[in-house]
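S.K.: The structure is given below, and queries will be raised subsequently.
The values are calculated or read from the model by the stated rules, or taken from the named source; none is laboratory data. Note that the coordinates shown come from a computational prediction; the quantities given were computed from them, not determined experimentally. For neighbour counting, all protein chains shown are included, and Cβ atoms are generated from backbone atoms with ideal geometry for every residue, glycine included.
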Amino acid sequence: MKLTPSILLAIEIAVIFLAGCDIVAGPMGCPGAGFEYGHTPTDGTVANPSCLPAFGNRAFDGCGILVGADGIVIDPDHVHGWARITIQMYNKITTAFNEHDTEFSFDFVHFQFTYPPDWDLVPAAEKKKLAIEIAEYAAFQDGIWHETASWYGYSTLIFPDFESAFSYEDIYCDRLGTKVGAEALQKGGNVTRNVTTIRNTYFRKFRFVNRIRGLKIIEKGKGTHWDDKSHHLDIRKPVKWRNMDIGTGDGLINPVIIPVNENSKALEQTLAIPVPKLDHLNSVNLKMKLTITALAPKTGTVKSRARINDPIEPQRDYPKIIETIVKDAKRRGYNVSY
């Protein structure tokens with residue numbers, strides 16, 4: 001049997017269902033998560049902003065790629081995904097604080113806490129503020145690891161995720177998601193509803209256009225941001241621009257903008273998001289060590305390539321890891337932001 005693109009598409013969608021990944025078949029122009037085959041002008045990638053669902057169940061809040069009038073590209077699935085991880089990490093951290101747990105793992109991140117003698121006297125409001133801060137920080141480190149592991153061949157479905165590793169919108173969307181999740185927790189009340197409200201406030205800045213205009217805007221990135229040559233049996237189209245900006249230099253995560261007008265370049269600065277920080281740890285004398293769990297995919301490969309011997313500590317080791325990947329990306333001929 002000849003493996004045509006249609007057959008491959010059917011196989012991948014079937015695997016998505018079996019894997020329990022996000023997918024929903026919406027009306028025309030409203031593809032769900034799982035229909036995002038690359039970041040290129042196909043009806044299965046670009047969605048109408050009117051199709052954007054409220055944040056909630058991960059099986060139903062995917063949307064497809066949204067495109068702004070000035071050339072920004074946003075993946076709501078990544079925004080929602082890392083808002084969700086931020087909230088989940090906050091819940092785990094809060095439980096640990098209440099029960100004096102000294103270590104636990106969540107997703108790719110391992111937490112170790114050393115509590116001060118007067119921990120029980122720390123006000124609940126201060127503990128909440130600290131838990132949100134740690135969750136926002138750790139969730140972003142988790143997102144960076146997801147991209148790193150994908151670069152080295154980690155596969156969530158039947159194809160390696162290399163083609164989407166550090167794609168030009170992912171890191172920015174991951175960071176935006178962690179920020180939205182943290183602000184939703186800070187607001188209190190119905191956190192799920194808060195995510196939708198806060199997300200919409202940020203999304204209005206992007207001036208999303210309809211799918212037809214979005215396709216035309218993304219088309220302008222052909223040859224610089226993506227090309228139309230699929231590799232091997234993978235039906236996704238390759239991403240040529242890789243965004244590896246984790247804020248190491250200026251402390252900001254800048255979006256990659258497809259240049260379409262005079263506003264495009266300036267948006268990279270005006271829409272930049274600061275890296276999450278751990279400002280309140282010392283105020284309560286809480287000690288924390290954050291590492292990438294040994295069970296995380298591709299840890300051996302990453303440590304070997306970056307020449308790291310000890311367990312990976314994001315704050316210490318990520319700059320070196322990203323430097324290694326940037327060199328690899330340039331050697332492969334990619335455009336790189338870092």
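S.K.: Which ones in segment 63-107 are surrounded by 24 or more Cβ atoms within 10 Å (Cβ to Cβ), touching a Phe, Trp or Tyr at 6+ places or on another chain (Cβ under 8 Å) and in a loop (DSSP other than H, G, I, E, B)?
M.R.: Across segment 63-107, the qualifying residue is only GLY64.
S.K.: Looking at this structure, is THR270 at pLDDT 90 or above and either buried (at least 16 other Cβ atoms within 10 Å of the Cβ) or among the aromatic types (Phe, Trp, Tyr) (or both)?
M.R.: no
S.K.: Here is a list: THR224, THR192. Which entry is farther than 22 Å from THR86 by Cα, in contact (Cβ under 8 Å) with a residue 60 or more places away in the chain and either under 14 Å from the mean Cα position of the chain (by Cα) or surrounded by fewer than 18 Cβ atoms within 10 Å (Cβ to Cβ) (or both)?
M.R.: Going through THR224, THR192 in turn, the sole match is THR224.
S.K.: Continuing with the same structure: Quick check on my filter: what residues within segment 282-312 are of a type outside the set (Gly, Ala, Ser), assigned to a helix (DSSP H, G or I) and farther than 19 Å from THR102 by Cβ?
M.R.: Selection gives THR299, THR301, VAL302, LYS303, ARG305.
S.K.: Quick check: anything in segment 131-139 within 13 Å of ASP174 (Cα to Cα), in a helix (DSSP H, G or I) and in contact with a strand residue (DSSP E or B) (Cβ under 7 Å, 6 or more places away or on another chain)?
M.R.: yes
S.K.: Consider ARG242 against the criteria (1) assigned to a loop (DSSP other than H, G, I, E, B); (2) closer than 19 Å to TYR318 by Cα: it satisfies all of them except one. Which criterion is unmet?
M.R.: Status for ARG242: all satisfied but (1).
S.K.: Which numbered condition trips up GLN315, out of (1) more than 23 Å from the chain's Cα centre (by Cα); (2) closer than 16 Å to ALA138 by Cβ; (3) assigned to a helix (DSSP H, G or I)?
M.R.: Exception for GLN315: condition (1).
S.K.: Taking segment 147-172, which residues are of a type outside the set (Asp, Glu) and either closer than 19 Å to TYR90 by Cα or in a loop (DSSP other than H, G, I, E, B) (or both)?
M.R.: Those that are of a type outside the set (Asp, Glu) and either closer than 19 Å to TYR90 by Cα or in a loop (DSSP other than H, G, I, E, B) (or both): TYR152, GLY153, TYR154, SER155, THR156, LEU157, ILE158, PHE159, PRO160, ALA165, PHE166, TYR168.
S.K.: Identify the single condition in (1) buried (at least 24 other Cβ atoms within 10 Å of the Cβ); (2) outside any helix (DSSP H, G or I); (3) not β-branched (Val, Ile, Thr) that LEU176 does not satisfy, given that it satisfies every other one.
M.R.: (2)
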